[in-house]
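Just so it is clear, none of the values below were taken in a lab; they were calculated from the coordinates. This one's a predicted model, so the numbers in the text were calculated from it and none came from an experiment. Here the Cβ is made from the backbone with ideal geometry for all residues, glycine too, and neighbour counts use every protein chain on show.
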Amino acid sequence: MQKAIFAVAVSVGLAVVPPCVAIAQNPTNQTPAPKIIEVSAKKYEFTPNEIRVKQGTRVELKVHSEDETHGMKLSVYAEGTKDKGKPGLLFDQPGENGKVTKGVDQVLDFVAQESGTYDFKCAKLCGLGHDRMKGKLVVEP
Ligand SMILES: [Cu+2]
């Protein structure tokens, strides 16, 4: 009788262990990995200058300056929704948005919460073409 119980316990154990391992390797109830998008910045453009993501995506924008130091500043309100309630882009660290640090790639980590078009622009006065150094983030529903 004890042997039978032992055998059941072992087979239950074997049946249970593999799913546990699978869950540990691929956690389903944690935040999904961010969508990493690399953007390069140089006088006077961002590449790409139009970025498209799906609504609800966690985005990590890595902004690398190629010539002198630039920075990206995203509008957190979609076009046409300014001053109406909550921002559509939820930043982990709002202070990173528009921050310019020489020699350091800027990392903008946010959730694209609401669909719409969000303008971005260069955060540092970098020369005569600075005002046209901009682009768009399109969050698709
Ligand atoms: Cu600039």
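With N set to the residue count of the stretch 35-140, report its C-alpha Rg divided by 2.2 N^0.38 Å to two decimal places.
The value comes to 0.99.
Too long at a 19 Å Cα-Cα cut-off: which of Lys62/Lys136; Lys35/Lys121; Lys43/Lys99?
Exceeds cut-off: Lys35/Lys121.
Cross-link partners among aspartates and glutamates for Lys86, C-alpha distance below 12 Å, same-chain residues fewer than 8 apart left out?
Glu114
Compute the distance from the alpha-carbon center of the stretch 103-133 to that of the stretch 49-90, in whole Å.
Between the Cα centre of the stretch 103-133 and that of the stretch 49-90, the gap is 6 Å.
Between Gln113 and Thr47, what is 0.36 nm times their sequence separation minus the Cα-Cα distance? Round to one decimal in nm.
Using 0.36 nm per residue and subtracting the Cα-Cα distance, I get 21.4 nm.
Dipole size in debye (nearest 20) for the stretch 35-140 around its Cα centre, Lys and Arg Cβ +1, Asp and Glu Cβ -1?
Values: 18 positive and 17 negative charges, 35 e Å.
The dipole magnitude comes to about 160 debye.
Tabulate in residue order the Karplus-calculated ³J(HN,Hα) for the stretch 128-137, using 6.51 cos²θ - 1.76 cosθ + 1.60 with θ = phi - 60°, rounded to whole Hz; enter x for Gly and Pro.
4, x, 3, 5, 9, 8, 8, x, 9, 10
Could you pull out every residue, at least 5 positions away or on a different chain, whose amide H is within less than 5 Å of the one on Lys136? Hs are placed 1.01 Å off N in the peptide plane, and Pro or chain starts have none.
Amide H to amide H, under 5 Å and 5 or more residues apart or across chains, Lys136 pairs with Glu50, Ile51, Phe120.
On a straight-distance basis, which aspartates and glutamates could pair with Lys42 in a cross-link, Cα separation under 18 angstrom, same-chain partners fewer than 8 positions away excluded?
Glu50, Glu66, Asp67, Glu68, Asp105, Asp119, Asp131
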